[in-house]
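J.: A single structure is presented below for examination.
Each value in this text was obtained by applying a stated rule to the coordinates, not by laboratory testing. In this text, all values refer to a predicted model and were calculated from it rather than measured experimentally. Here Cβ is always computed from backbone atoms with ideal geometry, including for glycine, and neighbour counts include all displayed protein chains.
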Number of protein chains: 2
Amino acid sequence: MEIRQGSRRAPARQGRRKTKRPARDPGQRRIDDKVGTDPFNGASRADYVYQQIRQAMRDGRFRQGDRVREEDVAQSLGVSRTPVREALRQLQSDGLLDVTSGRGLGVVALDRSQVLELYAMRELLEGAAARLAAQHATPAEVAYMEHLLASFRRTRDPEQQAQFNRALHVAICDAAHNRYMVQSLNQLSDALALLQGTTFSISGRARTADLEHRAIVHAIAAGNSNLAETAARAHIRQAQALRLQMLPL
Amino acid sequence: MEIRQGSRRAPARQGRRKTKRPARDPGQRRIDDKVGTDPFNGASRADYVYQQIRQAMRDGRFRQGDRVREEDVAQSLGVSRTPVREALRQLQSDGLLDVTSGRGLGVVALDRSQVLELYAMRELLEGAAARLAAQHATPAEVAYMEHLLASFRRTRDPEQQAQFNRALHVAICDAAHNRYMVQSLNQLSDALALLQGTTFSISGRARTADLEHRAIVHAIAAGNSNLAETAARAHIRQAQALRLQMLPL
DNA sequence: CTCCATACAATTGTATACAATATTTCTCGG
DNA sequence: CCGAGAAATATTGTATACAATTGTATGGAG
């Protein structure tokens, strides 16, 4: 039991959520049922479901246009439909799911025009983020960006490159120190994750992307905001051009 | 010191068995049967709750920092907790609610730095929207903007002015023809709605805002994207300056 | 053979019951 | 009177049952 100090109201003690909620009746099946272990890692089931589905989308286990049925998700994750519905609604609000033909939800399918709009926004926001980062980034943040650059250069696997790439973009965005910027870019990022594959599988892309990244980080490190923005926008335009080539049809 | 009226034993839900769903005979369905039967206007209860809460926030019936309890909302809107929870989760994902001390949700309270970040993003996005609108707006869209300008000029009530103002900004954003832009700006707009009052209550603001609006729309009509962006950014900066003066403390 | 109506099945929407936990209140020994 | 623990309470989290709606197959009339 926690010690409650005097008259102060308990401060946000929200982290430990230790849900051993199930109170399983003997009828419930969960094979790896170790006592006291929390399969949901401390989060609510709804949060868990939400994360799992996003992960599945990123991994390509859910693809564009796939139907998503509540009961299926519930069963495959071992929870009831209630938290699934909550997660689904959130995903819907994120723009990752939508109502397909009157009944039921499906993973959003991006058409060409949406991809164009997505990249237009991304160019705008990443450009602005780089500009702000050039003004506000701390030395530690710049150092981290450089670390990511190095990691990127060190790997050859397109998947991993994509991951370092994402981390770098997040780092730049964070360095802008504007939480609404972070939120908006995350949203775009999620939507783009619906597109299969990565542009780094295109021969030579990793190399040019690295050069572009270095230009951006260099400008940020130098505090040159105009250059940072220009470089970031150019980088996104390159990515867009390649992505469009990769689109089917 | 809060006096809890309900200090009697557990609320003990008595069978609120009144299923609001009419339970019709399967064979008797008529088309116009819905009129009058459905207090939710065709939407799901969750959607209804979502809209109602947003409206309440815009109207100032929910203020920053207010606690939001599921049961209260459910009762006051005449639905069960299930759809309320779904709506609440969506609002949470929109950034309008957040988890307050450990338990329960509350309306997000914006501090000064958040307001600054909000306006920084807004300047960026509204500027970009105006630029895009200058490139892509159809004549009908421009005509609608001009109609809104006229309506704005015709009214004296700050609340109504704020509404026309809002409509105009939405119109410009729509004319950018980018759904992610719309989504992001809506989000900012919702967050800003948490601030009480309107800058139009400041003497003379309606007049200057009108001039600024006209400059923006004029630039859009003329297809001058640079000017449109500049004018829009200047307009937001003005609004920001006034808003900051209105903030408490 | 096509078209419409109807029955049926699949799936979502909502309410409620219940479990778990955070917070408040209460009690009691210093 | 104060603080620590314990009971009470308030409130959220989850599961489940059932209602309603929509998609789909089937069968009959033209």
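J.: Within a 10 angstrom radius of the beta carbon, how do A:H136, B:H177, B:H169 rank from fewest other beta carbons to most?
T.: Numbers: A:H136 15, B:H177 19, B:H169 22.
Ascending Cβ contact count within 10 Å gives the list A:H136, B:H177, B:H169.
J.: What percent of all Cα-Cα pairs in segment B:92-137 falls in each 5 Å bin, counting up from 0?
T.: 6, 18, 15, 17, 14, 12, 9, 5, 3, 1
J.: Mind jotting down the distance between the C-alpha centroids of segment A:86-113 and segment B:61-84, whole Å?
T.: 26
J.: Ok, one more. Considering only B:A167, B:N178, B:A150, whose Cα is most displaced toward the positive end of the charge dipole of segment B:149-214, charges sitting on Cβ of Lys, Arg (+1) and Asp, Glu (-1)?
T.: B:A150
J.: Collect residues whose amide H, placed 1.01 Å from N in the peptide plane, falls under 5 Å from the amide H of B:V68; neighbours closer than 5 in sequence don't count.
T.: B:L105, B:G106, B:V107
J.: Right, something else. Post the alpha-carbon centroid distance, segment A:115-139 to segment B:129-171, in whole angstrom.
T.: With segment A:115-139 and segment B:129-171 each reduced to a Cα centre, they are spaced 28 Å.
J.: Where a ≥ b ≥ c are the square roots of the eigenvalues of the C-alpha gyration tensor, would you call segment A:174-248 rounded, which needs a/c under 1.5, or, failing that, prolate if a/b is larger than b/c, or oblate?
T.: Working: a/c = 2.54, a/b = 1.27, b/c = 2.00.
In terms of gyration-tensor shape, oblate.
J.: Tell me, what are the semi-axes, in whole angstrom and largest first, of the equivalent ellipsoid of segment B:125-231 as set by the roots of 5 times the Cα gyration tensor eigenvalues?
T.: 22, 17, 11
J.: Moving on. Shortest first and in nm with one decimal, please list how far the B:S76 label point sits from its counterparts in the other copies (point 7 Å along Cα→Cβ).
T.: 4.0
J.: Can you compute the modelled spin-label distance between A:D72 and B:S113, with each label point 7 Å from Cα toward Cβ, in nm?
T.: Here the modelled spin labels are 4.4 nm apart.
J.: Between copies, how far apart are the B:Q64 label points? List them in nm, one decimal, shortest first, with each point 7 Å from Cα toward Cβ, please?
T.: Between copies, matching label points for B:Q64 lie 4.1 nm apart.
J.: Separate question: Once the label point is placed 7 Å from Cα along Cβ, list for A:A143 the distances to the corresponding points in the other copies, in nm, shortest first.
T.: 6.2
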